[in-house]
1. Which value in nm describes the separation of the simple spin-label points at Ser167 and Tyr336, placed 7 Å from the Cα toward the beta carbon?
2. Pairs on different chains or at least eight residues apart, Cα atoms closer than 15 Å: how many lysine pairs in the chain fit?
3. Where does the chain land on Rg/Rh, using Cα atoms and the Kirkwood Rh?
4. Quick one: pull the percent of accessible area on the chain belonging to carbon and sulfur, 1.4 Å probe, ligands and nucleic acids left out.
5. Relative to the present Cα-Cα distance, how much length would full extension add between Glu296 and Ser122 at 0.36 nm per residue of separation?
6. Tell me, what is the percent relative contact order of the chain, built from C-alpha pairs under 8 Å that lie six or more residues apart?
7. Please list 427-437, 325-335 highest first by mean number of surrounding beta-carbon atoms within 10 Å per residue.
8. Can you tell me which of 338-351, 47-60 comes out highest on packing, and rank the rest after it, using the mean Cβ neighbours within 10 Å?
Amino acid sequence: MRRAVSVRLPAALATAAVGIAVVVAMPTPQASAAVGSATGYATQNGGTTGGAGGQTVRATTGTAIHAALCGRASSSTPITIEVTGTINHGNTTKVSGSSCNTAAGVIELKQISNVTIIGVGSGAVFDQLGIHIRDSSNIIIQNVTIRNVKKSGSPTSNGGDAIGMESAVRNVWVDHVTLEASGGESEGYDGLFDMKDNTQYVTLSYSILRNSGRGGLVGSSESDLSNGFITYHHNLYENIDSRTPLLRGGTAHIYNNHYVSLHESGINSRAGAKAKVENNYFRDSKDVLGTFYTNERGFWQVSGNILDNVTWSAAGSENYPAGPNLASTTTVSIPYPYSLDGASCVPDIVRQTVGANTGLRVSNGSCSPQTPPPTTPPPTTPPPTTPPPTTPPPTTPPPSGTNLSLGASADGSSKASGTSYGNVRDGNISSYWSPAGSTGSISIKWGSATRVSRVIIREPSGTQGSIGSWQLVNHDTGAVLASGSGAGSISFSATSLSKITFKINSSGGTPRVGEFETYAS
């Protein structure tokens, strides 16, 4: 039985004030989409590419993240979701749709595939809100901070896991993230990076895991042995009691990580697990490798590791430390290429590369940080920063054909004082409609079915950029024709309908629609 641990952690991190979070489009100094390419076991089983090749949208609320997932044509349509600001319980609600299965109080990636979530701009912080991956594949999470996720106390999220994966999960790459808690189980926290119930082909790279009782596990019990093929490289584990990681069965490759202040135990290979542990640097820690808290032994292959002020407990029942003289007990074959940094430079290269919002730098095995180029293009519909008056943003091409909205009717969900639904179809960009709040919907309708394949949403002069995430909906059937963020030109498969609705899900300030133009082509 696992013994209780004493968590020696600093004071709780300050919780960011809850504000109104919105979807916006803005320049991104750090990254505009997934940067670099997957490494380790995430390159196997077909590889991990996330949302590459799909639409890119921007979100500053958890609800907007869910709306982006739900607005796809299918649950496997590729999408990159750029996140900025603080995501928390106050702005994360359940969104429904045929391409998603979301929930309130957690970022839910369930029964989906081909998704990238990446922090951009000044940073993305998931505050007391975890990310849950279930029955999903080909997922990338990059450049975000997830902090203080609890399983008890208030508020709770994701069973107390910062990132948790379960139930037939395949091919996940988590890169340059910062995962933090403010204590152990007695303070309400669980694991920072957990995998169970048939989760395979996962890589955790260039990340920080700190101030927690539990770093993470692979397998929830001695009978949950269907997990494996996990790579951990160039990560910083700091001020952790145990589980860096805990391995139950399966295979793990653990290299070039820096471990500092592991209080009770470190890499815990048990229940037949096999770990290749090479060129890591362990400092000021206890029992950094072995089988602990069980008699179900695991195995390891070791080489090139540095032990700096590491102490070891005496071997005994349910306690089988690998030291003080590390020796291999198995061999592990690695199927992918990789470059090893020398263990002596691991503290320095890890310090320069790990965590969110630090530049996404990596190492090529030369102990020198490198900046990889982006592998996917920037968002396709950013608004201009200084648009000319009374004209659409430069990214919006000029219309062709007849604007079908002229002479049609209009209605909506609400209208602010002094505005009118009809202002979006009068051909005058200076008159406009605004919802009564920060979200709402506006519709164009005809007396009979009309064929439409393109919409242009124009904002009045001086208000460009206020519209955040949106969905374009066939009001007759409820089908989502398109989704994204920011005003501009929207193309979709030609559809015959009698009413089309532009639904604003979030905004920066008060959104305004000057013209809702519709075209057959």
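The values are calculated or read from the model by the stated rules, or taken from the named source; none is laboratory data. Nothing here was measured: the structure is a model prediction, and the numbers come from that model. A quick note on method: Cβ atoms are made from the backbone with ideal geometry, for glycine too, and the neighbour counts reach across all protein chains shown. SASA here: full protein model, heavy atoms, side chains in, ligands and nucleic acids out. Shrake-Rupley method; radii C 1.70, N 1.55, O 1.52, S 1.80 Å.
1. With each label point 7 Å from Cα toward Cβ, the separation is 2.6 nm.
2. Counting lysine pairs in the chain gives 5.
3. 1.05
4. Details: 9120 of 18380 Å².
C and S atoms contribute 50 percent here.
5. Gain on stretching Glu296 to Ser122: 58.0 nm.
6. 12
7. With the highest mean Cβ count within 10 Å placed first, the list reads 427-437, 325-335.
8. The most tightly packed comes first, giving 47-60, 338-351.
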